[in-house]
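In what follows, a single structure is set out as structure tokens and then discussed.
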Amino acid sequence: MPETKKTNLVIDFAGRDRLIVAVDAPLGRAKLADALPALFKVADAVFARTAAALAGMGRPVSCGPGCAACCRQLIVVSEPEALRLARLARDLPEPGRESVLGRFQDAAARLEQAGLLAGLIDAFSNQVHDWRRFREVQKAYWDLGIDCPFLENGVCGVYRDRPLICRQYAVTSPPEHCARVFSAQAKVEKVIHPLDLAGALAGFDGAGPQRTRALPLTLALLLEGLLKDRPGPEIDGPNMIARFLDYASLGYAGGK
Ligand code: SF4
């Protein structure tokens with residue numbers, strides 16, 4: 001890991017207001033993975049801003065620590081996040097490590113039995129962007145009822161390290177609607193985020209835009225070897241964060 005420096009990122013929301021986020025930015029040449037802790041802080045700050053605005057309108061966000069109602073959905077993460085989560089799972093202390101690794105294996109086995117594994121790997125390897133098909137796969141995945149391998153007694157076991165997609169998911173409807181998201185009775189009121197940081201990260205290679213590359217969180221361990229073979233560019237850390245925020249259309253106003 002490169003050295004880091006405390007940096008205030010100034011996020012400008014189209015001139016309407018600004019958010020200052022204190023992060024530890026990697027110094028010197030860095031990989032995108034090195035910037036993830038800083039990007040997680042940005043995502044948390046953006047979420048808090050959205051939640052505060054909605055609370056002010058009498059529509060409080062239901063999501064928070066302890067809620068895992070959406071953790072059985074097909075969670076798709078960027079490559080550096082998948083690699084980070086795979087390493088995290090391997091480095092967990094016992095006795096938790098064995099259970100988490102076992103759940104990853106079980107998830108892959110169940111996907112294979114259901115005939116979904118090859119398609120998910122193909123979508124990852126060949127960057128398939130058929131969103132209608134993706135919706136079908138989401139439903140088929142949901143029907144299998146596979147909990148995220150990091151769920152421990154109904155609580156996220158890696159909450160501080162959860163990926164961007166989990167940080168930005170927000171609803172104002174009661175959690176039980178997320179827990180039966182594909183049923184006709186479910187009325188999930190998703191918050192339309194002004195910024196899709198998770199999507200932007202999947203479309204960014206560390207130096208600039210790339211065609212979206214992402215994979216199901218449950219396949220992070222299975223595909224770890226492939227991910228290691230794809231090291232992205234290394235550039236100056238603060239410059240990388242600035243480029244990413246610019247790409248994510250945050251109206252980045254620089255560090256100070
Ligand atoms: S990483 Fe945590 S928050 Fe995200 S799906 Fe898994 S258990 Fe849920």
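The values are calculated or read from the model by the stated rules, or taken from the named source; none is laboratory data. Treat the numbers as computed from the prediction; the structure is a model and nothing was measured. All Cβ positions, glycine included, derive from the backbone under ideal geometry; neighbour counts span all protein chains shown.
Couple of notes before you dig in:
Conditions (1) touching a His at 6+ places or on another chain (Cβ under 7 Å); (2) in a loop (DSSP other than H, G, I, E, B); (3) more than 15 Å from the ligand (Cβ to nearest atom), marked per residue:
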| residue | (1), (2), (3) |
| --- | --- |
| Asp143 | no, no, yes |
| Cys148 | no, yes, no |
| Arg160 | no, no, no |
| Ile165 | no, no, no |
| Glu176 | no, no, yes |
| Ala186 | yes, yes, yes |
| Leu195 | no, yes, yes |
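- Residue under evaluation Asn126, criteria (1) within 14 Å of the ligand (Cβ to nearest atom); (2) modelled with pLDDT under 90; (3) of a type in the set (S, T, N, Q), criterion not met: (1)
- Being touching a Pro at 6+ places or on another chain (Cβ under 8 Å), within 15 Å of the ligand (Cβ to nearest atom) and assigned to a strand (DSSP E or B) is a description that applies to Val77.
- Every test in (1) within 11 Å of the ligand (Cβ to nearest atom); (2) of a type in the set (D, E, K, R); (3) out of contact with any Cys (no Cβ under 9 Å at 6 or more places or on another chain) is passed by Glu94 save one, and that test is (1).
- Some residue of region 103-110 being part of a helix (DSSP H, G or I) and under 21 Å from Phe47 (Cα atoms): no
- Residue check for Ser62: touching a strand residue (DSSP E or B) at 6+ places or on another chain (Cβ under 6 Å) and either small (Gly, Ala, Ser) or away from the ligand (no atom under 14 Å from the Cβ) (or both): yes
- Some residue of region 38-48 being of a type outside the set (Phe, Trp, Tyr), within 14 Å of the ligand (Cβ to nearest atom) and without any contact (Cβ under 8 Å) to a residue 40 or more places away in the chain: no
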